[in-house]
Every structure is written in structure tokens, then in C-alpha cells.
1. Does at least one position in segment 116-127 carry a residue that is outside the structural domain of GLU211 (by TED's automatic domain parsing), charged (D, E, K, R) and in contact (Cβ under 8 Å) with a residue 24 or more places away in the chain?
2. Quick one: in segment 545-581, which of the residues that are under 27 Å from ALA509 (Cα atoms) and not in a helix (DSSP H, G or I) is nearest to the chain's Cα centre (by Cα)?
3. Could you list, in sequence order, the residues of segment 24-37 that are in a strand (DSSP E or B) and crowded, with 18+ Cβ neighbours inside 10 Å?
4. Is it the case that ILE227 is assigned to a strand (DSSP E or B), surrounded by 13 or more Cβ atoms within 10 Å (Cβ to Cβ) and within 40 Å of the chain's Cα centre (by Cα)?
5. Could you check, for segment 526-544, whether at least one of its residues is within 48 Å of the chain's Cα centre (by Cα), in a helix (DSSP H, G or I), aromatic (Phe, Trp, Tyr) and over 30 Å from ILE256 (Cα atoms)?
6. Got a number for residues in segment 474-497 being in contact with a Gly (Cβ under 6 Å, 6 or more places away or on another chain) and surrounded by fewer than 18 Cβ atoms within 10 Å (Cβ to Cβ)?
7. Kindly indicate whether TYR333 is modelled with pLDDT under 80 and assigned by TED's automatic domain parsing to the domain that holds LEU373.
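The values are calculated or read from the model by the stated rules, or taken from the named source; none is laboratory data. Just so it is clear, the structure is predicted and the values come from calculations on it, not from any experiment. When we count neighbours, we look across all protein chains shown, and the Cβ atoms used for this are built from the backbone with ideal geometry, even at glycine.
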Amino acid sequence: MINQYPVWKYLLLVLVIIIGGLYALPNLYGEDPAIQISATRGAALDTVTVDQIRDSLSQQDITPKSIVLGEAQIMIRFAGTEVQLKAQDIIRDKLSNDYVVALNLAPSTPQWMRDIQALPMYLGLDLRGGVHFLMQVDMDAAVTQALERYRGDFRTLLREDKIRYLAITREGDVLDGTGVIRLKFRKEQIRTDARRLIKKEFQLLELRNEEDEKYFYLLAAMAHREIIETQKLAVQQNVTTLRNRVNELGVAEPVIQQQGLDRIVVQLPGVQDTARAKEILGATATLEFRMVDEEHSVATAIKGRVPPGTKLYRERNGDPILLMNEVMLTGDYIVDASSGIDSQTGGPKVDISLDSKGGRLFTNATKDNVGKLMSVVFIETKTDRRTINGEVVRTKRKVEEVINVARIRERLGSRFQITGLDSTGEARDLALLLRAGALAAPIDIVEERTVGPSLGQDNIDQGFRSVIIGFALVLVFMVMFYRGFGLVANVALTLNLVFIIAVLSMLQATLTLPGIAGIVLTVGMAVDANVLIFERIREELRAGVSPQSAIDAGYSKAFSTIADANITTLIASVVLFAVGTGPIKGFAITLSIGIITSMFTAIFATRAIVNLMYGGKKIKKLSL
């Protein structure tokens with residue numbers, strides 16, 4: 001019999017509605033102003049720390065809504081933003097510099113929802129407030145630095161092989177094809193020997209000969225493929241470096257992504273202080289490899305009697321360690337680092353790659369120290385801000401921590417491993433630090449803007465109002481023109497809105513103001529399919545077809561038209577996502593999700609409701 005669904009289709013619809021409603025529900029609970037505290041350099045996060053924070057807040061008559069101690073952070077919730085800001089200053093003064101105290105907006109979703117990953121959507125910068133930077137990577141400088149490293153490598157290589165040269169200079173611009181390293185020789189045979197040696201060590205370089213009346217020249221240029229790879233690597237390393245630094249800031253849901261070939265977008269929701277964000281993003285960081293002093297007593301050094309030629313450091317867990325003053329190698333020579341599993345021991349490892357000059361330096365430094373302990377020291381210059389007597393005081397401090405200690409098993413060269421790590425997570429973190437200790441190329445801030453939290457709330461209110469008004473007008477229109485069938489379409493439209501929110505929440509997508517525009521547009525477009533179906537049913541009724549047959553024909557014959565219209569719109573949204581920037585991508589995402597969910601609700605859901613109303617019955621007239 002026509003216009004009847006099997007039971008499994010109704011069960012499927014009910015299941016989808018339950019899941020959609022469950023994952024859309026967390027967005028109704030809102031967020032609490034919160035302070036997120038995380039530890040660095042081995043500082044403890046325990047009940048003692050929680051008690052200290054609670055006591056310091058109570059002394060200032062501040063009562064938080066809750067204080068929750070997690071595995072890697074302490075989350076403190078407050079009733080309002082004014083109390084949150086006041087509490088931040090109090091907590092910063094109470095805790096040491098080993099803790100990161102960051103403002104946050106914590107979802108107030110019940111725990112049982114969080115346990116099944118039913119979380120609210122993230123809010124973009126234009127809705128939550130924060131700072132936005134558009135940074136441009138100096139691609140010319142990235143390639144020029146690579147070419148400059150080659151010049152130093154050539155000088156070291158030729159001196160070690162006792163090949164006499166008159167001069168090594170860098171000329172021209174790499175990006176326009178004129179950038180070269182020019183080596184000047186007195187005799188042709190010397191140039192031939194130098195060319196053979198350089199070709200053996202640097203196979204990717206393009207070499208050519210030149211001469212004049214007195215001298216012989218060897219010109220070395222980077223191949224186009226190497227230039228492109230150097231530029232890509234510089235941008236990728238800068239993205240990794242900035243992400244590492246933003247993590248130190250403790251910002252919730254930061255956006256750090258490459259835009260185009262040479263630009264990086266950094267969005268820090270919830271951060272209102274542009275100067276503070278610049279300080280974090282522009283921080284300097286370096287690495288040093290030092291030998292461990294295994295002869296002298298660490299306990300004696302702690303008491304103040306540090307042996308000559310050594311210095312007392314702290315490991316990440318807080319344990320003291322005595323290191324030699326002489327620096328074996330700095331992180332400037334590291335070109336790549338990746339984590340993995342050691343095939344011999346099965347434990348985590350980090351593979352390090354140095355440039356040729358760094359490889360020679362490291363070989364000479366480790367050949368006489370086989371069997372001894374070597375350390376990796378991470379050094380970073382930070383700027384702390386304190387409010388003293390109403391004035392912001394900035395102080396710089398140098399942070400030095402030993403991130404790894406390992407025993408040298410053999411003489412090391414350009415490629416070596418660091419083992420003895422506790423976990424694969426630590427190996428990944430170490431590889432990240434080695435790769436992202438410093439920016440690979442200079443960056444300039446070409447766009448900067450700050451969105452206040454009040455403006456973000458206004459955007460939320462106006463966006464919500466636009467959705468409600470558009471939604472209500474469509475509901476009234478459908479009831480006026482299609483009566484009972486219009487009510488069915490309104491139910492589908494409501495489900496469509498719930499499904500859009502649910503999918504965005506499941507994907508943990510970031511909702512922006514253009515995203516809300518996409519939802520408003522989808523609300524208007526979602527009933528297009530129902531209009532096509534209902535008008536087709538009317539045409540069938542005018543042609544004298546029975547109501548049951550008209551319903552079946554309306555859904556079946558209108559399907560191809562509905563599919564064509566929605567697929568073309570979906571193609572347009574995919575193109576917008578592929579070539580657009582952040583705001584355009586947000587619009588494209590919500591529009592694409594809305595198209596897919598509206599197809600489901602307008603065809604499958606409404607047909608199920610209509611089948612329940614009219615299927616298997618003898619009817620003479622439809623409420624259309």
C-alpha cells in the first residue's frame with residue numbers, strides 16, 4: 001500500500017532525532033567565566049595548590065562557583081566576568097611563575113553530557129571577543145638565511161679539506177633567480193677540487209663555473225624545488241612555533257593556521273590584551289647541548305659551592321643537575337626533528353637532523369665524550385606583567401630548563417637519536433621543542449584587531465534575533481499557504497535547525513558571525529524542497545489524481561528537482577570553503593551542513609509524518 005513506511009524507517013528517524021537533540025542540548029547551558037591554571041617546569045597541581053587558591057580568594061571575599069582539580073589543570077568558575085578578572089590578579093600574585101593563569105570561558109554542561117562528548121559549539125572571535133593577528137612570513141629572509149648557512153658551510157668544508165679560496169660571498173636575490181654563493185679561486189685546479197667536494201656534500205645545489213682574466217669562480221645556487229621546500233618548511237615551522245607559544249598562554253580554542261602561501265592567522269578568543277599576546281608570540285627561544293658534570297657533587301653545588309666551569313640547572317621535574325659551562329651545540333643548527341619508536345629497545349625516541357656545519361661541530365664535541373651524559377637545555381626569554389599600584393610593570397626573565405638527559409653511546413654526527421624518554425608523548429613534545437624553539441623566518445603583523453566581549457555578546461544577540469525572526473516568518477508563511485502540510489514542514493524546519501546545531505557541536509566546529517548568516521540562509525532555503533513537493537501535490541490533485549497517489553507522486557517526481565537545486569548549492573559552498581578565508585569558511589561550513597540536513601528533514605522526515613497522517617486511509621481531501 002502506498003504512503004506507508006516500514007517500522008525500521010520510523011525507528012531510524014526517532015533515533016536520529018534523539019541523538020540530534022542530545023548533542024544540540026549542551027548549547028543551552030551557556031558558559032561560566034573561569035580561570036584555567038596549568039603548571040610548567042614540574043610544578044605540582046594538587047589539593048595543596050587548590051587550598052592555597054581557595055584561601056587567597058576567601059581573604060578577598062571572593063567565592064567561586066566551583067574549583068575542580070583535573071589531570072593537567074585547575075578550573076575555577078565564577079558568577080561574572082568582574083569577579084573573574086579580580087580573582088586572576090589575586091591568583092597570579094599568590095602562585096609562582098611556574099604556573100600559567102589564563103582567563104577562560106568554561107562550558108556549564110552537566111558532567112554526564114561531557115562524558116559522552118556532548119559539548120557545545122566553540123564560539124569564534126567575533127562572538128566571544130579576543131585578538132586577531134594576520135602575520136606575514138618573510139619568505140625572502142627564509143631562503144636568504146638558508147643560502148647564508150650554505151656560505152658558512154662552504155667556508156668550514158674548504159678549510160677542513162685545506163682547499164684555499166680567496167673569497168666566499170653571497171650575491172643577488174634568491175627569489176628572482178639571481179641569488180648565488182660566489183667562491184673565488186686563484187687556480188682552475190683548486191676550483192675543480194672545490195666543486196667536486198661541494199657536489200658530494202650538497203647534492204641539491206646547482207653549480208656552474210665562471211672566470212675572468214685573473215680568477216676562477218664557482219657559483220652555487222639553490223634549485224627551484226629546494227627554494228619552494230625551504231619556504232614551505234619555514235611557514236610550517238613558524239605555525240608550530242606560534243602554536244607552542246600560544247599553548248603557554250593557556251588560551252582556550254586558539255586558531256593558528258596557514259593562510260595562503262606566506263601568511264599565518266592567529267586568533268586568541270577571550271584574550272583582550274593585544275600587548276600581552278604580542279609578547280607571547282614574539283618571545284625568543286633557543287636550545288643548548290651541554291655535558292653533564294658527573295664528577296662533582298650536586299648536593300655541594302646546591303649549598304652554594306658550585307665548581308668552576310659548571311652551572312647548576314633544574315630538570316623539568318625540579319631535580320637539580322650540574323652542567324658544564326661549555327656549550328657543545330645550539331639549536332640553530334637543527335634542521336629537523338621527529339619522534340618515533342626505537343627498533344632496538346621499543347622505547348620512544350627523537351631523531352635529530354643537523355646541517356653540515358652543526359654535524360661537524362657535534363662530531364668533534366662528542367667523539368671524546370662517548371659513555372658520558374649529555375643534556376639538552378631549553379632557554380626562553382619571557383616577559384611578565386604585574387599590576388603594581390595601578391600601573392602595569394613589565395619584567396623580563398630568562399627561563400632555563402633541562403628537557404632531556406641521555407648517555408652518549410657513540411660519536412654523533414649530523415643525524416642522531418635521543419632516547420631514554422618516559423613516553424611517546426614526551427618524545428613528541430621534545431621533537432616539537434627542537435623544531436619550534438625559534439621562528440624559522442621573521443614574521444610581520446600586517447593586520448591586528450581586538451574584539452571586545454561586549455561587542456561579541458551583541459553579535460550573539462543580534463545573530464540569535466535574526467535566526468528567530470527568519471524562523472518565525474517562515475513558519476507563518478508555510479502555515480498560511482499550506483495549512484496542515486505547512487505545519488508538517490514547520491516540524492521538519494525545527495528539526496533541521498536542531499540537526500545543524502547538533503552536527504556543529506559534534507564536529508566541535510567554531511561558530512562565527514558569517515556562520516550564523518549561513519544558518520539564517522539555510523532556514524529560508526530549507527523549506528524550498530517542501531514548497532516544490534507541496535506544489536507538485538497540488539498539480540496532481542488538479543489533474544484529478546486521488547489524494548494518496550498525489551502524495552506519492554509529489555514526493556517521487558519532485559525529488560530530482562530538489563536534488564539538482566541542493567547539489568548545485570552544495571558545490572558552491574564547497575568552492576567557498578576551498579578558496580575562502582576564515583569568515584568565508586565559517587559561512588560555507590554551516591551552509592553545507594544545512595543543505596545536507598534540510599534534504600533529510602524535507603524529504604525523509606516530512607514524508608514519515610505525512611505517512612502517519614494519511615497513509616493507509618481513505619481520504620477525499622488534503623489540508624493543502
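1. The initial filter retains those residues of segment 116-127 that are outside the structural domain of GLU211 (by TED's automatic domain parsing), namely 116-127.
Next cut, charged (D, E, K, R) only: 126.
Restricting the remaining residues to those that are in contact (Cβ under 8 Å) with a residue 24 or more places away in the chain gives 126.
Checking segment 116-127: at least one residue is outside the structural domain of GLU211 (by TED's automatic domain parsing), charged (D, E, K, R) and in contact (Cβ under 8 Å) with a residue 24 or more places away in the chain.
2. Going residue by residue through segment 545-581, those that are under 27 Å from ALA509 (Cα atoms) are 563, 565-581.
Right, trim to not in a helix (DSSP H, G or I) and you get 580-581.
Working: GLY580: 18, THR581: 15 Å.
Only one residue tops the list, namely THR581.
3. If the condition is that a residue be in a strand (DSSP E or B) and crowded, with 18+ Cβ neighbours inside 10 Å, then ASP32, PRO33, ALA34, ILE35, GLN36, ILE37 are the ones that fit.
4. no
5. Yes, segment 526-544 contains a residue that is within 48 Å of the chain's Cα centre (by Cα), in a helix (DSSP H, G or I), aromatic (Phe, Trp, Tyr) and over 30 Å from ILE256 (Cα atoms).
6. Keep residues of segment 474-497 that are in contact with a Gly (Cβ under 6 Å, 6 or more places away or on another chain), which gives 478-479.
Now narrow it down to the ones that are surrounded by fewer than 18 Cβ atoms within 10 Å (Cβ to Cβ): 479.
Residues that pass the stated criteria total 1.
7. On the way: modelled with pLDDT under 80: yes; assigned by TED's automatic domain parsing to the domain that holds LEU373: yes.
For TYR333, the condition - modelled with pLDDT under 80 and assigned by TED's automatic domain parsing to the domain that holds LEU373 - is met.
Table: residues versus (1) farther than 10 Å from SER573 by Cβ; (2) among the small types (Gly, Ala, Ser); (3) at pLDDT 85 or above; (4) crowded, with 18+ Cβ neighbours inside 10 Å.
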| residue | (1), (2), (3), (4) |
| --- | --- |
| ALA588 | no, yes, yes, yes |
| PHE604 | yes, no, yes, no |
| ALA608 | yes, yes, yes, yes |
| ILE619 | yes, no, no, no |
